Amino acid sequence: MTPDAGPATILGVETSCDETAAAVVVGGRSVRSSIVSSQVDLHARFGGVVPEIASRAHVELIGPVVAEALAAASTGLHDLDAIAACRGPGLAGALLVGVSAAKALALVTGLPYVGVNHLEAHLYAAWLEEPDLEPPLAVLLVSGGHTLLVIMEAHGRYRVVGQTVDDAAGEAFDKVARFLGLGYPGGPAIDRLAPDGDPEAIRFPRAMPGEPNFSFSGLKTAVVNHARQHPDTPVADVAASFQAAVVDQLVDKLAAAADGAGAPTLVLGGGVAANSALRARVGTLGAATGRDVFLPAPAFCTDNAAMIAAAAWWRLEAVGPTPLDDGVDPTAGLGVVA
Amino acid sequence: MTLMLAIDTATPRVAVAIGEDGRVLGSVYLSARRRHAEALVPAIAYLCEQTGVELRQLGAVAVGVGPGLFTGLRVGVTTAKIMGQALEVPVVGVSSLDLVAHPLRFGGQMIAAVLDARRHEVFHARYRPVSGGVQLVTEYRVGPAVELVAELEAGGEDVVLAGDGVASNRAAFGALERAVDAGREFEAPSATALVEIADGRVGREEFSAPWDVAPLYLRASDAELAWGNRR
Ligand SMILES: [Zn+2]
């Protein structure tokens, strides 16, 4: 199922959390520009994303970021074929900014508007670097906001086979990093420190073995308890052992899901997919089981707008434009598209 | 000839107008409750169709910048800024309190514009009618409705109250003796007022680059308030 309308040039906008992003992508695959303005410094002192602060920053940043994406792609508004924005899931006040901006541009230009599901966009990030990728895929989508195991059976057809029952994987990194005094965001901080520690120093629990769903809150409690009972344990050992427990849980369930679905290809997505231990382990899993592994570059794993424009290209072909009276859906799930 | 699009989304009502040299060609008012993002763009499209104005003919975009509902303001201000940027025309930001007071300029009395800020608080400002409009005589402020009432009482002056903050704090404002309520018709910012005020500003070249227009929040976010208290 390949869109036969020919290559379409799409401007994508993403404002679901704390990144203000815009990108120009041709034919769902070829990235002409991808601008991401991260607000991480604004939220660092609060140890997490503050929705009201994120929403206010998006209002300030969206205009310049869109202008920069067009300029970097040497594209004018009238060279575009459609304008897309992330409509959810995400923070309501933040999503409103991107959707309002994209709909305003669609109205001014007369171009179709496409409202895109953020989770679906993470799946389509894989095509930005691997244009010949073919479903079925087993996708592990892990970030501060989501922890999903998805079987992508075909374009527009997804089966969510596992998700977290409590914290998201990225949240667990943030909480443990904060507890260990490593700062925010937690994922990169732990990733940097872990190589100096022994991942087998402490045997933290691997939650819900044999089940497709994830759980991280017990692991966080175990880290806290251990650190209190053994205050002399080197922080690097705690970080490495915690990271090993997270990675084990993620990779074991990904392996089981791929087996169950007979999916020949493994794909990572989401901010936690930038974690070097996770990338290495998924690579090893692929080699051991004879599966293709696709690990998008960290810039396309974390929230970006190129993935929005890529998903919009498929959606435009499969279901057509989104009406201009469409709003945002902060709790949208990953449904069947076509 | 300057054609202008005017938008205000500071209250549960979406207000849009298209004006030509300060005269309103058409306006749409929708009780959108909290669905500003859904209602605004179709309202603009409908208005363009009915007035025969194409967006690329616009010479300016005007927007009510609040204070008011944060979510509404983000939708209206973002839409106006992006349209101004895409059309390469100036964007004029006007306080939504000014847009409540302006239609009452012929009454001769002091005007208190009062918009609902939830939690028994109101966004407010006071104005005196002057020739051709109203003149702001206080700052734009947010605070408990009862504090504004006490202030107005102490002032001892006749005052007209307007804006949705009056009805939602009926108990507080009902106690005022020298005040009259302008009523339902003046509950929300007027898009007609926005066309009139912004046209004058465009004439005097008092406008901003689209990127410089920002909502007037008046309140820090809850997290920042909590952070401030901790320190
Ligand atoms: Zn994401």
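The values are calculated or read from the model by the stated rules, or taken from the named source; none is laboratory data. As the structure is a prediction and not an experimental result, all values here were calculated from the model. Cβ coordinates were reconstructed from backbone atoms using ideal geometry, including for glycine residues, and neighbour counts include every protein chain displayed.
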Could we say that residue B:126 is outside the structural domain of residue B:59 (by TED's automatic domain parsing) and over 16 Å from the mean Cα position of the chain (by Cα) here? no
Give just the number: which of (1) touching a strand residue (DSSP E or B) at 6+ places or on another chain (Cβ under 7 Å); (2) over 20 Å from residue B:85 (Cα atoms); (3) within 15 Å of the ligand (Cβ to nearest atom); (4) hydrophobic (A, V, I, L, M, F, W, C) does residue A:17 not satisfy? (1)
Could you list, in sequence order, the residues of region B:36-78 that are outside any helix (DSSP H, G or I), within 11 Å of another protein chain (Cβ to nearest Cβ) and free of Cβ contacts under 8 Å to residues at least 40 places away in the same chain? B:54
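The rows are residues; the columns are (1) more than 14 Å from the ligand (Cβ to nearest atom); (2) touching an Asp or Glu at 6+ places or on another chain (Cβ under 9 Å); (3) over 24 Å from residue A:188 (Cβ atoms).
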| site | (1), (2), (3) |
| --- | --- |
| A:124 | no, no, yes |
| A:127 | yes, no, yes |
| A:135 | yes, yes, yes |
| A:141 | no, no, no |
| A:149 | yes, no, no |
| A:154 | yes, no, yes |
Determine which single condition residue A:96 fails, assuming it passes every other condition in (1) touching a Pro at 6+ places or on another chain (Cβ under 8 Å); (2) away from the ligand (no atom under 13 Å from the Cβ). (1)
Go through region A:283-312 and give me each residue that's surrounded by fewer than 24 Cβ atoms within 10 Å (Cβ to Cβ), in contact with an Asp or Glu (Cβ under 7 Å, 6 or more places away or on another chain) and of a type in the set (A, V, I, L, M). A:297
Could you please tell me which pairs satisfy a Cβ distance under 9 Å, a separation of 6+ or placement on different chains, a first residue in region A:263-285 that is at positive phi and away from chain B (no Cβ under 14 Å), and a second residue that is of a type in the set (Phe, Trp, Tyr) and within 16 Å of the ligand (Cβ to nearest atom)? none
Go through region A:259-276 and give me each residue that's more than 16 Å from the ligand (Cβ to nearest atom) and touching a strand residue (DSSP E or B) at 6+ places or on another chain (Cβ under 6 Å). A:261, A:263, A:265, A:266
Single residue of region A:313-335 satisfying the filter (out of contact with any Lys or Arg (no Cβ under 6 Å at 6 or more places or on another chain) and among the β-branched types (Val, Ile, Thr)) that is surrounded by the most Cβ atoms within 10 Å (Cβ to Cβ): A:322
Consider residue B:97 against the criteria (1) more than 14 Å from chain A (Cβ to nearest Cβ); (2) touching a Ser or Thr at 6+ places or on another chain (Cβ under 6 Å): it satisfies all of them except one. Which criterion is unmet? (2)
Consider region A:35-54. How many of its residues are crowded, with 22+ Cβ neighbours inside 10 Å and part of a helix (DSSP H, G or I)? 1
Yes or no: residue A:98 buried (at least 24 other Cβ atoms within 10 Å of the Cβ), closer than 28 Å to residue A:56 by Cα and within 14 Å of another protein chain (Cβ to nearest Cβ)? yes
